[in-house]
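Chemist: Input: one structure, supplied below.
The values are calculated or read from the model by the stated rules, or taken from the named source; none is laboratory data. Everything quoted here is computed from the prediction, not taken from an experiment. Counting neighbours? That spans all protein chains shown, and the Cβs are built from the backbone with ideal geometry, glycine included. SASA here: full protein model, heavy atoms, side chains in, ligands and nucleic acids out. Shrake-Rupley method; radii C 1.70, N 1.55, O 1.52, S 1.80 Å.
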Amino acid sequence: MSSLLARTGRHRQRYENNVRLVSGCIPYRIRKDSDEESNDLENRIEVLMVSSPNRTDLVFPKGGWENDETVYEAACREAIEEAGVKGILRELPLGVWRFRSKSRQDPCTLEGGCKGFMFALEVTEELENWPERENRDRKWLNIKDAFEFCRYEWMREALEIFLGVIAEDKKAEMKEETVELSSMPVSEVLADCAMLSSNCCAKPVNGQHNGVISFTWQIPLKGLPLT
């Protein structure tokens, strides 16, 4: 059983014009396959989805944004509580969507309205135990399967935007590596590069990518100090 506890209740819940504010993320990883068929980025990306309690559909981790945390902290907390993962959260949101709580789908009433902020989270650690493990299963999916599991249109839209964002980030990384490599003296290139072939070399680039925030998030336990 997890030593962490999921937050319950809505006494800290943020609202805007009677609409519940929600924060969540699309956890992902990129396989480092060497197969030629896997060179396409979309085929190498896997996203993590979780089951809903007492339901068969899969969703991305998300939940109420509370008044004692930032929207980034809320997204990271939900990733730990629902999916048991930690990682690097991209600072800029994928977007903001309005939707209704799954338990209140009546379009004729304002009750159950949500405004959700979704982010991309590059997973760096998977926990064996997490707060909602007993009620949720987690599943890594390729992009094609993830689209099929998305129950709501707003989730598919978020996934489409996510794909575009990750593709642009990877292009920027490749450009930065090329610029840094080309700006080095020839002697340093030869000394630092790992030779891949007679006319190809690669040098790792250190440093954090632009536009991301790394969190080591600890969930407050009610009545207990953080450790």
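Chemist: Using a 1.4 angstrom probe and counting only protein chains, how large is the accessible area of Cys76 in Å², to 10?
Modeler: Here the accessible area works out near 10 Å².
Chemist: Between Trp65 and residues 5 or more places away or on another chain, which pairs have amide H atoms under 5 Å apart, with H built 1.01 Å from N, and which residues are they?
Modeler: Arg14, Leu21, Val22, Ser23
Chemist: Carbon and sulfur atoms: what percent of the 1.4 Å accessible area of segment 118-177 do they account for?
Modeler: Looking at segment 118-177 in its full context, I get 43 percent from C and S.
Chemist: Which pairs, out of Lys62/Lys115; Lys62/Lys171; Lys86/Lys115; Lys32/Lys170; Lys62/Lys86; Lys32/Lys171, put more than 18 Å between their alpha-carbon atoms?
Modeler: Over 18 Å apart, Cα to Cα: Lys62/Lys171; Lys86/Lys115.
Chemist: Still on this structure, please answer the following. What distance in nm separates the simple spin-label points at Ala172 and Ile30, each placed 7 Å from Cα in the Cβ direction?
Modeler: 1.2
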